[in-house]
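Okay, structure first, notes after.
The values are calculated or read from the model by the stated rules, or taken from the named source; none is laboratory data. Quick caveat, the model's predicted, so the values are computed rather than measured. FYI the Cβ positions are ideal-geometry reconstructions off the backbone, even for glycines, and counts take in every protein chain you see. Side chains are part of the model used for accessible areas, which takes the heavy atoms of the whole protein and leaves out ligands, DNA and RNA. Shrake-Rupley method; radii C 1.70, N 1.55, O 1.52, S 1.80 Å.
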Amino acid sequence: MCGIVGYIGKRDVAPLLLEGLQRLEYRGYDSAGIVVNSPKSGALKMVKAKGRVRDLEARVPKRFAGTTGIAHTRWATHGAPSDINSHPHLDPENKVAVVHNGIVDNAAELRAKLEAEGVVFASETDTEVITHLIARSQAASLEEKVREALKVIEGTYGIAVMHADFADRIVVARNGSPVILGIGEKEMLVASDVAALIAHTRQVVTLNDGEMATLRAEDFRTYTTSGTSTTATPETVEWEAASYDMGGHDTYMHKEISEQPDAVDRVLRGRIDDRFNTVHLGGLNLDPREARGIRRVKILGCGTSYHAGMIGASLIEGMARIPADAEPASEFRYRNPVVDPDTLYIAVSQSGETYDVLAAVQELKRKGARVLGVVNVVGSAIAREADGGVYVHAGPEVCVVSTKCFTNTVVAFALLAVHLGRIRDLSVTDGKRIIEGLRRLPAQIQEILDGEEDIKKLAAQYADAKSMMFIGRVRGYPVALEASLKLKEISYIHAEAYPASELKHGPLALIEPSLPTVAIVPDDDLLEKNRAALEEIKARSGRILAVAHREQEKADHTIVVPKNEDELDPILMGIPLQLLAYHTALALGRDIDKPRNLAKSVTVE
């Protein structure tokens, strides 16, 4: 959601910034802009455009030289997508330029005050308030000008600021929205996502909330918004630039679906203990005595991460015999929940920066709760805030919709469930059974992917549907929810998911030939119950696509997936439905990697 790129050094800055913006396109955006300094006059030059980065690039003149600059991709909050509302925002004298991720909660109040003082606003955005506050400051340094502005700002921000009178620096600040510094040789970079930096450096510093930094070509320094110096030690990013390329695939989504066998192997690697048929998760910071004292597990996530958390709760409750449930983090943080000291809270986020999840973590920590993180990005905000956690090691996920990270997150929960279970009541035999099942997953996922052509043909038959129903029972219900979400996100076909047992309590009224139903039908102790639901649908002339371990007589079509252990079957049953959504969207000509109105990392409320 929104993207920031900045550079100060000796290189021609515009091509570098445009390349960085292209690396951030996956986050979701509706407009883009760039501002650079002029090396001769010291003046700021800006170009902005509604649309894609390519539209911005087409507007950048050939003579647009500069060695310092900032750029931005915007996802609209205040004001519709337009050239004027795009970032960066300049003051009337073209001296101050600001790019901003986040939301200024008191923007209307500050805007009214500034307008009463004679300020004329060019845009409808909340960000322009920050620009005017900095420009009107009488402080002697750019750092102090920014600090004064931030004192009156309420809300979230990741900002980068340039000033024509301070051409030797870029000042950045963070509160709730990622800001990452890239450390180079006599050059410095800044971005909201490491994807924009990785082609130029693998040495990064991630700012904490309430922290600022001054970037010069030769060095950087970090400090708090109150001016106190802080110590920042660069970390080495494990991902390489090639990880962000399509690798011969037509879309990032297809690449990431195809990477799942390797991704699952990666999350398992080095974590299985065959001697005791258990799992080692060194980052939990949870000793066996503490683990045995857990009385409840609460999992918090949003969207796909919430669905992964639902499967995770089922795995933990089933293997460790600890009551567990999942809840949307966006709801949890607003309902004044009772925080129990004997409850283990688990925050799930692919980016590790999802604002609703991060805010829930911070509230839980304030109330003394123990919080673990299950995230993909090392050093992300949730990873730093949590008491411990599990990295899912899915690798970079560029497509806006999550596939391999969802799968790896569920596998990470299976590892956590075995770990907790073996400390508590999971037998050696069952521990070994689940571990053997986990080891079979990569090959079984590859077997499903090898059947892609058949799924593509099925997608063509269902792509004309205006709406679809997804059903599953118990373990199958979160799979249905996630599959429904995937179809909505990239094909724009309306879809709903229900527990199969709830059909007769209302949704059955919708069943007719024009409304296909996708049914999750695993070969487990609920098989006959699920088949009864298919009978109910068929009796009302409904079309059925089943995902099952064997052909289903009542279904019009069946996608057969390999059988694993009952507990792990949901991981496999989700894979063909990712491909179904993908090929349905492809048949409809959708922009698969960048679906409309959506952002990859949601860092605002």
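Among the residues making up region 1-25, those that are within 18 Å of residue 67 (Cβ to Cβ) and assigned to a loop (DSSP other than H, G, I, E, B) are 9, 10, 11, 12.
Scanning region 201-219 for residues that are farther than 10 Å from residue 182 by Cα, without any contact (Cβ under 8 Å) to a residue 60 or more places away in the chain and buried (at least 19 other Cβ atoms within 10 Å of the Cβ) returns 207, 211, 213. The single condition from (1) under 30 Å from residue 287 (Cα atoms); (2) open to solvent by 20 Å² or more (accessible area, probe 1.4 Å); (3) hydrophobic (A, V, I, L, M, F, W, C); (4) touching a strand residue (DSSP E or B) at 6+ places or on another chain (Cβ under 8 Å) that residue 481 fails is (1). Taken as a whole, region 356-376 holds no residue that is of a type in the set (D, E, K, R), within 12 Å of the chain's Cα centre (by Cα) and under 24 Å from residue 255 (Cβ atoms). Within region 290-308, if we keep just the residues that are outside any loop (DSSP other than H, G, I, E, B) and open to solvent by 50 Å² or more (accessible area, probe 1.4 Å), the residue that is farthest from residue 373 (Cα to Cα) turns out to be 292. Can you tell me which residues in region 137-153 are farther than 23 Å from residue 220 by Cα, within 32 Å of the chain's Cα centre (by Cα) and either of a type in the set (Asp, Glu) or surrounded by fewer than 20 Cβ atoms within 10 Å (Cβ to Cβ) (or both)? If the condition is that a residue be farther than 23 Å from residue 220 by Cα, within 32 Å of the chain's Cα centre (by Cα) and either of a type in the set (Asp, Glu) or surrounded by fewer than 20 Cβ atoms within 10 Å (Cβ to Cβ) (or both), then 152 is the only one that fits.
Applying a threshold of 6 Å to beta carbon distances and a minimum spacing of six or more residues, or different chains, the list of pairs starting in region 102-130 at a residue that is at pLDDT below 95 and ending at one that is open to solvent by less than 30 Å² (accessible area, probe 1.4 Å) and among the polar types (S, T, N, Q) reads 102/156; 102/177; 103/156; 123/85; 124/85; 125/85. Just one of the listed residues (277, 336) is more than 22 Å from residue 391 (Cβ to Cβ), surrounded by fewer than 24 Cβ atoms within 10 Å (Cβ to Cβ), in contact with a Lys or Arg (Cβ under 6 Å, 6 or more places away or on another chain) and not small (Gly, Ala, Ser), namely 277. A residue that is of a type outside the set (Val, Ile, Thr) and farther than 30 Å from residue 355 by Cβ occurs nowhere in region 596-605. Just the residues that are touching a helix residue (DSSP H, G or I) at 6+ places or on another chain (Cβ under 9 Å) and buried (at least 16 other Cβ atoms within 10 Å of the Cβ), please, taken from region 513-531. Result: 516, 517, 518, 519, 520, 521, 522, 524, 526, 530.
Here is the figure for region 584-605: residues that are over 15 Å from residue 399 (Cα atoms) and modelled with pLDDT of 95 or more total 4. Taking residue 508, is it open to solvent by less than 60 Å² (accessible area, probe 1.4 Å), at pLDDT below 95 and within 26 Å of residue 305 (Cα to Cα)? Criteria not met by residue 508. The listed residues are 404, 432, 456, and the only one of them that is under 25 Å from residue 272 (Cα atoms) and surrounded by fewer than 23 Cβ atoms within 10 Å (Cβ to Cβ) turns out to be 432. Look at (1) in contact with a Pro (Cβ under 6 Å, 6 or more places away or on another chain); (2) open to solvent by 20 Å² or more (accessible area, probe 1.4 Å); (3) under 28 Å from residue 326 (Cα atoms) and you find that residue 541 fails only one, number (3). Cβ-Cβ distances below 6 Å connect the following pairs, each with a first residue in region 163-177 that is more than 15 Å from residue 36 (Cβ to Cβ) and modelled with pLDDT under 90, a second residue that is open to solvent by less than 40 Å² (accessible area, probe 1.4 Å) and assigned to a strand (DSSP E or B), and a separation of six or more residues or different chains: 177/101; 177/157; 177/158.
Listed here are the strands (runs of 3 or more DSSP E) enclosed by region 466-565 that have at least 3 residues being within 29 Å of the chain's Cα centre (by Cα): 467-472, 494-499, 517-521.
Residues that are surrounded by fewer than 24 Cβ atoms within 10 Å (Cβ to Cβ) and touching a residue at least 40 places away in the same chain (Cβ under 8 Å) within region 490-505 comprise 492, 493, listed in sequence order. Within region 1-24, residues that are touching a residue at least 12 places away in the same chain (Cβ under 8 Å) have Cβ atoms under 6 Å from residues that are of a type in the set (Asp, Glu) and open to solvent by 10 Å² or more (accessible area, probe 1.4 Å) in these pairs: 9/187; 18/57; 24/193, counting only partners at least 6 apart in sequence or on another chain.
Restricting region 137-153 to residues that are among the β-branched types (Val, Ile, Thr) and in a helix (DSSP H, G or I), the residue that is nearest to residue 225 (Cα to Cα) is 146.
Scanning region 348-389 for residues that are part of a strand (DSSP E or B), open to solvent by 10 Å² or more (accessible area, probe 1.4 Å) and among the aliphatic types (A, V, I, L, M) yields nothing.
All conditions in (1) of a type in the set (A, V, I, L, M, F, W, C); (2) over 21 Å from residue 478 (Cα atoms); (3) in a strand (DSSP E or B) hold for residue 586, with the sole exception of (3). Mind checking whether some residue in region 546-568 is open to solvent by 10 Å² or more (accessible area, probe 1.4 Å), touching a His at 6+ places or on another chain (Cβ under 6 Å) and modelled with pLDDT of 95 or more? Yes, there is a match, as at least one residue in region 546-568 is open to solvent by 10 Å² or more (accessible area, probe 1.4 Å), touching a His at 6+ places or on another chain (Cβ under 6 Å) and modelled with pLDDT of 95 or more. A residue that is open to solvent by 20 Å² or more (accessible area, probe 1.4 Å) and in a helix (DSSP H, G or I) occurs somewhere in region 221-241. Checking each residue in region 260-289 for being in a loop (DSSP other than H, G, I, E, B) and on the phi < 0 side of the Ramachandran plot picks out 269, 271, 274, 275, 276, 280, 281, 286, 287. Go through region 117-136 residue by residue and tally those that are open to solvent by 70 Å² or more (accessible area, probe 1.4 Å), hydrophobic (A, V, I, L, M, F, W, C) and either within 14 Å of residue 79 (Cα to Cα) or assigned to a strand (DSSP E or B) (or both). Residues meeting the conditions: 1. Among the criteria (1) open to solvent by 10 Å² or more (accessible area, probe 1.4 Å); (2) modelled with pLDDT of 90 or more, the one residue 65 does not fulfil is (2).
Among the residues of region 76-116, the one identified as surrounded by 20 or more Cβ atoms within 10 Å (Cβ to Cβ), β-branched (Val, Ile, Thr) and in a loop (DSSP other than H, G, I, E, B) is 103. Would you confirm, using the coordinates I've provided, whether residue 255 is touching a His at 6+ places or on another chain (Cβ under 7 Å), outside any loop (DSSP other than H, G, I, E, B) and either open to solvent by less than 50 Å² (accessible area, probe 1.4 Å) or of a type in the set (S, T, N, Q) (or both)? In short, yes.
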